[in-house]
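The values are calculated or read from the model by the stated rules, or taken from the named source; none is laboratory data. Quick caveat, the model's predicted, so the values are computed rather than measured. Cβ coordinates were reconstructed from backbone atoms using ideal geometry, including for glycine residues, and neighbour counts include every protein chain displayed. The protein model used for the area step is the full one, side chains on, heavy atoms only, and it has no ligands, DNA or RNA in it. Shrake-Rupley method; radii C 1.70, N 1.55, O 1.52, S 1.80 Å.
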Amino acid sequence: MLALGLLQSLIAQTLLAQTDLEFVRPHIDWHAFAPELILVGWGALVTIVDLVGLDRVRRLIGPLTGIGFLLAMVPVLTLWDLGEEIPRILFDGAYVVDNYALLLKGVFLLSGYVVVLLAGNYMAEGDYYDSEFYQLIAASVLGMLVMTSARDLVTIFIALELVSIPAYMMAAWRKRDLKSNEAGLKYMLMGVFASAILLYGMSLLYGAAADTRLTAIGESLAAADSAPFITLGVLFTIIGFAFKVSAVPFHTWAPDTYEGAPTPLTAFLAVASKAAGFVGLISIIVFAFGDLPELVEPFMWILSAATMTVGNLIALRQDNVVRMLAYSGIAQAGYMLAPLAVYGGQLAEAQQAIVIYLVIYAAMNLGAFAVVIIAARKTRSGDIESFSGMLRWAPGLTTAMTIFLFSLAGIPPMGGFWAKFWVFKVLTDGWELWGTLLALVAAVNSVIAAFYYLNVAKQMWFLPARDGDNSPIIIPPALTAAVAITVIVTLLTGVTGWVPDWADFPAVAAAP
Amino acid sequence: MEDFLNSWGLTAMVFAPLVGAVVMMLIPERDEELHKMVALVASAVSFVIGILLLTNFDYGASGTMQFAVDRSWIDVINARYAIGMDGMSLPLIALTLLVTPLVIIYSWNHIPKPGNAKAFLILMLVLHTGMLGTFVARDLVLFFVFFEVVLLPMYFMIGVWGGEDRLYASIKFFLYTLFGSAFMLVSFLALYWLTGSATFNMVELAERVVDPVEGLSASQQTLLFGGMFLGFGIKVPMFPFHTWLPDAHTQAPTQGSVILAAVLLKLGTYGFVRIALPILPEGAVAWAPWIGLLAVIGIIYGALGCLAQTDMKRLIAFSSVAHMGYVMLGIATLTSFGINAAIFGMVAHGLITGMLFFIAGSVKERYHTLEIKRLGGLLHKDQAPRMGWILAITSMASLGLPGLAGFWGEFPAILAAYNPNAGLNTTVFRIYMVVAAIGTVLAAAYLLWLLQRTAFGEPSEEFVDHPDVHDTVFTEWVAWVPMLILIVVLGFVPGLIFDVTNEPVSIIGDVFKNMSSGAALGSGG
């Protein structure tokens, strides 16, 4: 409520400042806005189909939602194809469609598609309300699409809430399970709290700049003398996002939420939702805080080092595979934050490193969750020990999971290696003391992390099945597709050393 | 043909095993014979291409990279798919090409428990590609990728097909190596930044580092060398980091131990001579006395460790620590003489210790134990006399008997320590030399002791007329004879390797020689 109140005042102020202006309908670039519009339209259509058809169409809602994601992908590809004519700037610079945004839109749509694939059997077999679940996923992905292009405080905030509010509901989806209720409630309370802090920070920034657009804020902050309220505004904004990306010490909600939520949703939270938080954070830092490295960097350094170390150390002690992945995801967020601790003078490279990490992380982590969901269909358990003997009862799945685990551990030739490589590259650039120190912290951490990833590999490869049941597993086609997509991306990015073309990031070059 | 070899030869050689592995993935697990066939064919294809490359190699210009390919790979950082073969990598490539097919042949009727020939051989082929790739890479990023690729199959090989304590051994092996690699990677990246050359090419980096204007200071080089030292030194392994080795070796299946001893350990020493020394010469000078110290500690410690072992395989594993100590001592002298000896030592150790692990595996298979005090009388006519003789020859080679390959690895390395490169403290290295010489006596002690207790005398009661005890079988002969022949031939004609390695090694040696004379001139002026 506090959050909404603040939002209202923010909007009111903006409107007040513009009362003397005549209303002009902003020019809308329909092509550039098409992915979002398609998703909105399709989402509404799916809802209507669900309302009219009720139980008769229940089975169709999931596939329909998946098709919606693929449809929205079409304008993303055609926009990408435009090359020179990108970036498109909408709404006075509050909304920008450039290749950076398009790449991430593609990642979010594909992640959403994979999550729908994952959810299919889980929802149908668990006897949950499934139609609404898919519609909420679509809503959340819509928020992510908006987030990639948002260059304005209000747009960013709306995108963030659009991502989060459906997720609060979905986390509590298994409503007869106390743990799921706990997951939803905890996630919502922490999320709202974080939003309030974020809004407070944003309002201070607005106070300093008298503008909500990030670039304008960036210019004002660069010109302004340092003042306590600017510092507070910057820090509160970062802390707000730190909750969303579950950085230590703002991570406490993540493990409980991940464990209690339905596993496909956990995959969604750990990958897409976290990535959306990162996108917002990158946008704000790149466009608004670009000239304040001396203020932001030390804070990010501590946040990053603490996140990777604490996440890894706690992950070491987990015996539930979802909790282990949750803590490992926290640690991975630490690596992703690391470039922001040294971004001064190499803003573009830092942004690159994080984006590459996000893309590869999405593939490998979704893949790992897919395997967890498939395995749980047989073992009915979330223990790491339930993976024992998997080489016997699911050799193909074992290979896939091994690829994901080694990728997460950062071993070449998997994609995860390059994700870490680019982070290390940014950190060691110029051989600055703090960057190099953080690189060493990250190096030690990746060895610690290898231990618990290998622990899962050990169960699968080295030990006999816990209950001696070696009967082969049956994998539904949708889940096979999900694993196939993620394996291909993980391996391809790894073998080719994929890097989005530097030139594809004109927004970066143009950043102040 | 020439064209093919020049542009595609090395690539085909490196990736032929991987193609085989992919083919095997598509074949169902129950067709075991087919899997063995495919694996053998894949490694044989690689071997044949390798032989063609070896025969087309211009031995007159072994100091230059031949069959070199340089294609763009990751443009943004200018990491390239740059491969090539020169006299320094040639012997090691040849060793790898030879050992893997032999190991696959040995596997024909020795697939270790719990079976699954498919997975086992696929891992073996992936390992093969990783090892060959490491030896041909000329780009640091490419090198690193191959260097790490080797980790995975070996981890699984130890963990799935290993002995009692395999879980502990496999994770220890993995984490130790990964720890070193992480620091090595930081060093590589720092090189990239500090030289400002925007390249990962080894040769270009070496030129940039010594550039008088934009080059690296001695202290920077020393620091970066430290990172590489961790990466390569753990792989070798050098003394304080060696503890993963006895566990890994002892627990690994025979095939794993053979590959580990024959090739994997060489990745570390090769890294020193290929990357660390040429690129960071001043760092090498600063570290050389310490490397020498750790090397001789390793020699003595490994030998003493051997004398304390009760398990045959563990004893051989500790002997590896000692032998790699000689290799590192040769490298630490920073002279072309010493580095030549080191490369010979790598090949010799690969053949000899690989052979010893083969024998240990076959002994284990027959006697179901490797406890030295339970074994005995291998040479007895009812036991396995031929295998006993093979063990005797190999042990002699291992202790450095002249006329066998082991001698040329150890003796010149010790000799080189008498006269290290001019910048190094001669007294210190002469002390190392004496200690290393004492090490050879200890080596004779533990190997002869091993031979005496396992091969001589009467077999212990439990193994008289034991049904499993029999002499060498066909696949063992096929796998072992080439290695034995090479051990003898290289013992008599060491020039086979020295002639090839001398030219590229003297390029490195000259760098250090010029550096010390340059320093002398500088101080004189």
* To do: Could you pull out every residue, at least 5 positions away or on a different chain, whose amide H is within less than 5 Å of the one on A:Y95? Hs are placed 1.01 Å off N in the peptide plane, and Pro or chain starts have none.
  => A:L90, A:R151
* To do: Report the calculated FRET efficiency for B:Y59 and A:E22 (r = Cβ-Cβ distance, R0 = 56 Å), to the nearest 0.05.
  => 0.05
* To do: Convert each backbone phi in the stretch B:415-423 into a coupling constant with the Karplus relation 6.51 cos²θ - 1.76 cosθ + 1.60 (shift: θ = phi - 60°), then list the ³J(HN,Hα) values in order as whole Hz, x for Gly and Pro.
  => 4, 4, 5, 5, 9, x, 4, 4, x
* **Three-way shape label, the stretch B:79-205, alpha-carbon gyration tensor, a/c 1.5** => oblate
* How many percent of the accessible area of the stretch A:366-512 is carbon or sulfur, using a 1.4 Å probe? -> 67 percent
* Structure fact -> Per its Cα gyration tensor (rounded if a/c is under 1.5, else prolate when a/b beats b/c, else oblate), the protein assembly as shown is best filed as prolate
* To do: Can you tell me the alpha carbon radius of gyration of chain A divided by the globular rule-of-thumb value 2.2 N^0.38 Å?
  => 0.94
* Asked: Taking a temperature of 20 °C and a viscosity of 1.002 mPa s, what whole-number D in µm²/s does Stokes-Einstein yield for the stretch B:21-90 with Rh from Kirkwood over alpha carbon pairs?
  -> 143 µm²/s
* Asked: Rounded to a whole number, what is D in µm²/s for the stretch B:2-524 from Stokes-Einstein with the Kirkwood radius over alpha-carbon pairs (20 °C, 1.002 mPa s)?
  -> 93 µm²/s
* Using just the C-alpha positions of the stretch A:32-85 as equal point scatterers, what log10 of I(q)/I(0) does the Debye formula give at each q in 0.16 1/Å? -> -0.52
* To do: Let me know the charge dipole size of chain B about its Cα centre in debye, to the nearest 20, where only the beta-carbon of Lys, Arg (+1) and Asp, Glu (-1) is charged.
  => 680 debye
* Give the range of the longest stretch in chain B that excludes all trypsin sites (Lys or Arg not before Pro) found in loop regions by DSSP and having at most 13 other beta-carbon atoms within 10 Å. => B:31-372
* Asked: Could you give the distance between the Cα centres of the stretch A:315-392 and the stretch A:102-119, to the whole Å?
  -> 16 Å
* **Farthest positive-ward along the protein assembly as shown dipole, Cα basis, beta-carbon charges - from B:S217, B:H249, B:V150** => B:H249
* Asked: At a probe radius of 1.4 Å, what is the per-residue accessible area of A:M169, in Å² to the nearest 10?
  -> 100 Å²
* Structure fact -> In whole Å, largest first, the alpha carbons of the stretch A:84-126 cover along the principal axes 48, 20, 10
* Asked: Using alpha-carbon pairs under 8 Å, 6+ residues apart, how would you state the relative contact order of chain A in percent?
  -> 14 percent
* **chain A, helix-only ellipticity at 222 nm - DSSP H runs n ≥ 4, -39,500 (n - 2.57), divided by all residues, nearest 500** => -25000 deg cm²/dmol
* Structure fact -> Taking trypsin sites (Lys or Arg not before Pro) in a DSSP loop with at most 16 other Cβ atoms within 10 angstrom as exposed, one finds the longest site-free stretch of chain A at A:1-174
* To do: Just check the stretch B:51-152 against the gyration tensor rule for me: Cα atoms, a ≥ b ≥ c as the square roots of the eigenvalues, rounded for a/c under 1.5, and otherwise prolate or oblate depending on whether a/b exceeds b/c.
  => oblate
* Asked: Residue by residue, what Karplus-based ³J(HN,Hα) values in Hz, rounded to whole numbers, does the stretch B:86-103 have, using 6.51, -1.76 and 1.60 with θ = phi - 60° and x for Gly and Pro?
  -> 10, x, 7, 8, 3, x, 6, 4, 4, 4, 4, 4, 7, 5, 4, x, 4, 5
* Just tell me the longest site-free run in chain B, where the sites are GluC sites (Glu not before Pro) in a DSSP loop having at most 11 other beta-carbon atoms within 10 Å. => B:215-525
* Under 15 Å from the Cα of A:K458, which aspartates and glutamates turn up, not counting those fewer than eight places away in the same chain? -> A:D319, A:D383, A:E385, B:E164, B:D165
* Structure fact -> Phi angles of the stretch B:230-236, converted by Karplus (6.51 cos²θ - 1.76 cosθ + 1.60, θ = phi - 60°) into ³J(HN,Hα) in whole Hz with x for Gly and Pro, give 4, x, 6, x, 5, 5, 4
* **Links that overshoot a 22 Å alpha carbon limit, given the list B:K113/B:K364; A:K179/A:K420; B:K172/B:K313** => A:K179/A:K420
* **Fraction of accessible area attributable to carbon and sulfur, the stretch B:2-524 (%, probe 1.4 Å)** => 65 percent
* Setting aside same-chain residues fewer than 8 positions from A:K425, which lysines have a Cα under 25 Å from its Cα? -> A:K274, B:K235
